[in-house]
Amino acid sequence: MQKFLLAVDRLSTWLGQAFAWTIVVLTLMISWEVFSRYVLNSPHDWALNVQIMLYGALFMMAGAYTLSKNGHVRGDVLYGFFQPRTQAAIDLVLYIVFFLPGIVALTWAGWTYANESLAIREKTFSATPLPLYPFKFIIPLAGAMLLLQGLVEIVRCIGCLRAGAWPSREEDVEEVDVDKLKEMVHVKDDDIAALDAYVVAQDKPAGGAR
């Protein structure tokens, strides 16, 4: 089972990293369009539509990737202080009550929406119309991947309830390790404390000043 969970993690990671390259494409496209518009005086009417579609694809396909890394923002500041079993119980309830109905509805509606767009060969409203239906099929694809990753997270919640610890997950980009960063720049805790004391002293008004 653990191999299957990690395999889904790797799939979500691969898709997320693949679609992340649209950032490079967007950067180059926007830079070229600015140059073309203001230097060459030759803007392209289709450029904005392409930028919106690329950004939309990036945004939607990042959902499963972020979920696989447990990177979505949590609104409960107390969550981190709970024991793993308590965290798993809360997550499991939220996945079943809110996540599954919402994502199933998104995937189903997105599939219907994309097929309707395909049936009429929908295009953008511009002087140079672009096919819009391929982009709309990203919606059910993103929903299906998010649903698959969500099911994996539900299995992880059940595993945590049984074992009392969270199962491992596929790792990717690591957060900044403050201790390693201190070692790299040769900074000690005593140096930081002394610097903090100096800053506080500088912030205090001179004696007798009002």
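Every number in this text was worked out from the coordinates using simple rules, so none of it is lab data. Keep in mind that what you see is a predicted model, and the values were worked out from it rather than measured. Here the Cβ is made from the backbone with ideal geometry for all residues, glycine too, and neighbour counts use every protein chain on show.
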Given the conditions (1) farther than 20 Å from T22 by Cα; (2) in contact (Cβ under 8 Å) with a residue 24 or more places away in the chain; (3) out of contact with any Pro (no Cβ under 7 Å at 6 or more places or on another chain), every one holds for T66 apart from (1)
Checked against (1) free of Cβ contacts under 8 Å to residues at least 40 places away in the same chain; (2) in a helix (DSSP H, G or I), Q87 satisfies every condition except (1)
For segment 88-144, the count of residues that are of a type in the set (A, V, I, L, M) and more than 30 Å from W166 (Cβ to Cβ) equals 10
Hey, any hits in segment 21-34 for a residue that's within 13 Å of the chain's Cα centre (by Cα) and not hydrophobic (A, V, I, L, M, F, W, C)? no
Only one of (1) surrounded by 13 or more Cβ atoms within 10 Å (Cβ to Cβ); (2) out of contact with any helix residue (DSSP H, G or I) (no Cβ under 6 Å at 6 or more places or on another chain) does not apply to Y133, and that is (2)
Checking A89, A163, A142, A114 in turn, the sole residue that is over 30 Å from N49 (Cβ atoms) and surrounded by 14 or more Cβ atoms within 10 Å (Cβ to Cβ) turns out to be A89
